[in-house]
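Structure, as structure tokens:
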Amino acid sequence: MDPLVSIVMPAYNAETFIGEAIESVLAQRYANWELLIVNDGSTDGTAGIIDRYPDPRIRVLHKPNGGIGSARNLALECARGEYLCGLDADDVLPPLSISSRVPVLISQPNVDIVDGKVLFKDGQMREVLRTFVPDFEGEPFPELLALRSSCFMGFSWLIRWQRDGSPRFTTRVTHGEDLCFYLDYSPGKRYAHVPVEVLHYRRTGSTVMSNLDGLARSYGYIHNWLGQQGIAAPAELRRFRWKSRMVMVRSYVRAGRPWQAVLTLMDAGPFGDPYPL
């Protein structure tokens, strides 16, 4: 029998798009999946839309609103699959997303992570705005630590999964929880990719640019977390600090906040604040 794949979907006030997301899972060519939808305290019609899909492979978990990290963690606690991937409630899995990647994990026991092409689309999922094509194979941890775009664009990986001992999402940051999760998961793991579209990512107009100070604080948290975990060498931590600062400098400049960019270069402002773990 084909291995079970757990698909994790947090949902908060997602009534506009969640039906399309669920239907994309139902349309998968790979049949042995479970979809864990976590209704994170939605106050709109999200719950009613979920109830329209009685497929027994769909498991719905309800909780008070606590943010995307806590919602994903609840799903991880309940996941029964041998493999796991994520899907946000406003995105879409192309039909071959799962079936194209599971065979790699089956045939190559030394591979733990399989990714693929990601299309960034407009809010109506009609126009392709950008395409992410991974161009790396090997241990992804150094690539993540260097903030390179060779293997990471978000929560798109299909990974080998064990409920006990596997990482969980931090609930302490407002941005970058995917990066932190993969940094925790990836040491010693091997990353591969397929030449197939595995995710259609919807650009809804709400981006991290609307909360750059929160993004800066999240980078600072991840830097301190890495130091506490002891999984990065001092030189690697310094490079991460520098690269993340440069990301923020460019972001502040694009947002028309040049003085904040200057403060960031000086390691001051939100990026220079303390980041308790």
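Of the residues Val128, Val133, Val118, Val102, the single one that is closer than 15 Å to Glu82 by Cα and either more than 14 Å from the chain's Cα centre (by Cα) or modelled with pLDDT of 95 or more (or both) is Val102.
Restricting region 98-128 to residues that are assigned to a loop (DSSP other than H, G, I, E, B) and among the hydrophobic types (A, V, I, L, M, F, W, C), the residue that is surrounded by the most Cβ atoms within 10 Å (Cβ to Cβ) is Ile98. Residue count for region 3-45 under the criterion of being in contact with a helix residue (DSSP H, G or I) (Cβ under 7 Å, 6 or more places away or on another chain) and more than 17 Å from Arg59 (Cα to Cα): the result is 4. For Ile58, the requirement of being over 22 Å from Ser166 (Cβ atoms), buried (at least 16 other Cβ atoms within 10 Å of the Cβ) and in contact with a strand residue (DSSP E or B) (Cβ under 9 Å, 6 or more places away or on another chain) is met.
I need a count of the residues in region 162-204 that are over 15 Å from the mean Cα position of the chain (by Cα) and either of a type in the set (S, T, N, Q) or closer than 24 Å to Val25 by Cα (or both). Show your work before the answer.
As a first pass, look at region 162-204 and keep what is over 15 Å from the mean Cα position of the chain (by Cα): 162-166, 172, 187-197, 204.
Restricting the remaining residues to those that are either of a type in the set (S, T, N, Q) or closer than 24 Å to Val25 by Cα (or both) gives 162-163, 166, 191-197, 204.
Residues that pass the stated criteria total 11.
Scanning region 169-188 for residues being over 17 Å from Ile159 (Cβ atoms) and surrounded by 22 or more Cβ atoms within 10 Å (Cβ to Cβ) gives a total of 1. Considering the conditions (1) β-branched (Val, Ile, Thr); (2) surrounded by 14 or more Cβ atoms within 10 Å (Cβ to Cβ); (3) in contact (Cβ under 8 Å) with a residue 60 or more places away in the chain, Ile222 is excluded by exactly one of them, (3).
When region 30-55 is filtered for residues that are surrounded by fewer than 21 Cβ atoms within 10 Å (Cβ to Cβ) and in contact with a Leu (Cβ under 6 Å, 6 or more places away or on another chain), only Asn32 remains. Kindly establish whether Ser149 is of a type in the set (Ser, Thr, Tyr), within 20 Å of Ser6 (Cβ to Cβ), assigned to a loop (DSSP other than H, G, I, E, B) and not assigned by TED's automatic domain parsing to the domain that holds Ser218. It is false that Ser149 is of a type in the set (Ser, Thr, Tyr), within 20 Å of Ser6 (Cβ to Cβ), assigned to a loop (DSSP other than H, G, I, E, B) and not assigned by TED's automatic domain parsing to the domain that holds Ser218. Per the conditions (1) at pLDDT 95 or above; (2) part of a loop (DSSP other than H, G, I, E, B); (3) surrounded by fewer than 18 Cβ atoms within 10 Å (Cβ to Cβ), the sole criterion not satisfied by Arg163 is (1). Considering region 37-68, the residues that are among the aliphatic types (A, V, I, L, M) and closer than 16 Å to Phe17 by Cβ include one that is nearest to the chain's Cα centre (by Cα), namely Ile68.
The values are calculated or read from the model by the stated rules, or taken from the named source; none is laboratory data. What you see is a predicted model; the values in this text were computed from it and never measured. Using ideal geometry, Cβ is built from the backbone for each residue, glycine included, and neighbour counts are taken over all protein chains shown.
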